[in-house]
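Have a look at the structure below, then the notes.
The values are calculated or read from the model by the stated rules, or taken from the named source; none is laboratory data. Values in this document were obtained by computation on a predicted structure and should not be read as measured data. When we count neighbours, we look across all protein chains shown, and the Cβ atoms used for this are built from the backbone with ideal geometry, even at glycine. Each accessible area value is taken on the protein alone, full model and side chains, heavy atoms only, with ligands, DNA and RNA left out. Shrake-Rupley method; radii C 1.70, N 1.55, O 1.52, S 1.80 Å.
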Amino acid sequence: MPVLRFHSHHGENIRLLEDRVVAFRESSFAHGISFSEKPLLPMEIFLIEIEKNERGWSGHLRIGLTQHDPNGCFDLPQYALPDLANMGANKSWIFAVTKSHNRVYDENGLDNPKPYRSILGDGDFVLMYQGLFHRSILRALPRLRSSDADDGTGSVCHTPDSAYTEYNDNVLPTDVGSRIGIVYIVKGDLAEMHFILNGEDQGPCAKDIPYKSGPLYAVVDVYGTTKQVRIIQLSCVGTLQNACRDAILKCVKKSCIDQLPIPRKLKEYLRYEMA
């Protein structure tokens, strides 16, 4: 799989490191918007890890999808929320990551009589667009004994590996080491976006996304206490099904899929309407 990177068009306080895999906010708490280098495909997880936090600010990372194309190098606002989200009607779906209450689907709600079925499944391995990978790669790193937050001198330093303790299932979504992913799933002519926080599907946080009206880029606002994030590359075993789909779509336009003499289920698979 190609390496996922951040786009070269970003907020004025962002510095991209390590061949654009790491986004670091150099100053302030604003102007930290970053985009994925390329649009995401259906069922393609965009996964980041919080590497550094900084004390003295309120609020945390914002993440989501947008149809604003960073290749246009348009003027970026200070914040993803509410500024970028309000640029154009129904063009961005961005949410704040909080210490708690990130789960969208209420299993006990009156509107949800059936238990929620995670898009990640229940096993140790997850099958998404990138292929088959172990669920552990989606989970948070072990919690640190001491914070990687700013020590008050303006510098932010890494805690050495020896400071890691045993894995802690109760790591907060906003902590250093937390892993946050977004993915969108096709539902007919529209799509829904899911948060994945430390290996757990939080349910659809946005529905009725018109994914056919334009490419969907991941957008990350390195905001508030969040200081630095890294894109996590999913180490996957590619499937023969995905390889065949990629080969077919190199030769056939998506608009011509319905004309192919193949079963309906295969047409749905080619349109990313099923895994």
Point to revise | Number of the exception - GLU49 against (1) under 12 Å from the mean Cα position of the chain (by Cα); (2) more than 19 Å from ASP201 (Cβ to Cβ) | key: (2)
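Which of the residues that make up region 88-104 are at pLDDT 80 or above and open to solvent by 60 Å² or more (accessible area, probe 1.4 Å)? I'd like the intermediate steps shown before the answer.
Taking region 88-104 as the starting set, the residues that turn out to be at pLDDT 80 or above are 88-98.
Within region 88-104, ALA89, ASN90, LYS91, PHE95 meet the criteria.
Would region 208-222 turn up any residue that is modelled with pLDDT under 90, farther than 19 Å from MET128 by Cα and of a type in the set (A, V, I, L, M)? Quick ask: steps written out before the conclusion?
Within region 208-222, the subset modelled with pLDDT under 90 is none.
Within region 208-222 (the criterion being modelled with pLDDT under 90, farther than 19 Å from MET128 by Cα and of a type in the set (A, V, I, L, M)), the answer is no, since none of the residues qualifies.
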Exercise for review: Could you grab me the full set of residues in region 191-202 that are in contact with a helix residue (DSSP H, G or I) (Cβ under 7 Å, 6 or more places away or on another chain) and of a type in the set (A, V, I, L, M, F, W, C)?
Suggested key: ALA191, ILE196
**Study point:** Number of the condition not met by LEU65 [criteria: (1) open to solvent by 30 Å² or more (accessible area, probe 1.4 Å); (2) modelled with pLDDT of 95 or more]
**Key:** (1)
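In this structure, is ARG264 more than 28 Å from ALA89 (Cβ to Cβ) and crowded, with 18+ Cβ neighbours inside 10 Å? Lay out the reasoning, then the answer.
On the way: more than 28 Å from ALA89 (Cβ to Cβ): yes; crowded, with 18+ Cβ neighbours inside 10 Å: no.
No, not satisfied.
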Exercise for review: Could you check, for region 46-69, whether at least one of its residues is free of Cβ contacts under 8 Å to residues at least 60 places away in the same chain and more than 15 Å from HIS7 (Cα to Cα)?
Suggested key: no
Review point. With (1) under 26 Å from GLU192 (Cα atoms); (2) at pLDDT below 95; (3) crowded, with 17+ Cβ neighbours inside 10 Å as the list, and PHE29 as the residue in question, which single condition is left unmet?
Key: (1)
Check your understanding: With respect to the numbered conditions (1) closer than 30 Å to SER28 by Cβ; (2) touching a Cys at 6+ places or on another chain (Cβ under 9 Å), which one is the sole condition not fulfilled by HIS194?
Key -> (1)
Practice item. Give the residues of region 188-202 that are touching a residue at least 60 places away in the same chain (Cβ under 8 Å) and not aliphatic (A, V, I, L, M), sorted by residue number. Key: GLY188, HIS194, PHE195, ASN198, GLY199, GLU200, ASP201, GLN202
Exercise for review: Within region 4-26, track down each residue that is in contact (Cβ under 8 Å) with a residue 40 or more places away in the chain, of a type in the set (Lys, Arg) and open to solvent by 20 Å² or more (accessible area, probe 1.4 Å).
Suggested key: ARG5
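Is it true that some residue in region 220-231 is touching a strand residue (DSSP E or B) at 6+ places or on another chain (Cβ under 7 Å) and within 23 Å of ASP258 (Cβ to Cβ)? Reasoning before the result, please.
Our first condition is that a residue be touching a strand residue (DSSP E or B) at 6+ places or on another chain (Cβ under 7 Å); within region 220-231, this holds for 220-223, 225-231.
So of that shortlist, the ones also within 23 Å of ASP258 (Cβ to Cβ) come out as none.
No - not one qualifying residue is present in region 220-231.
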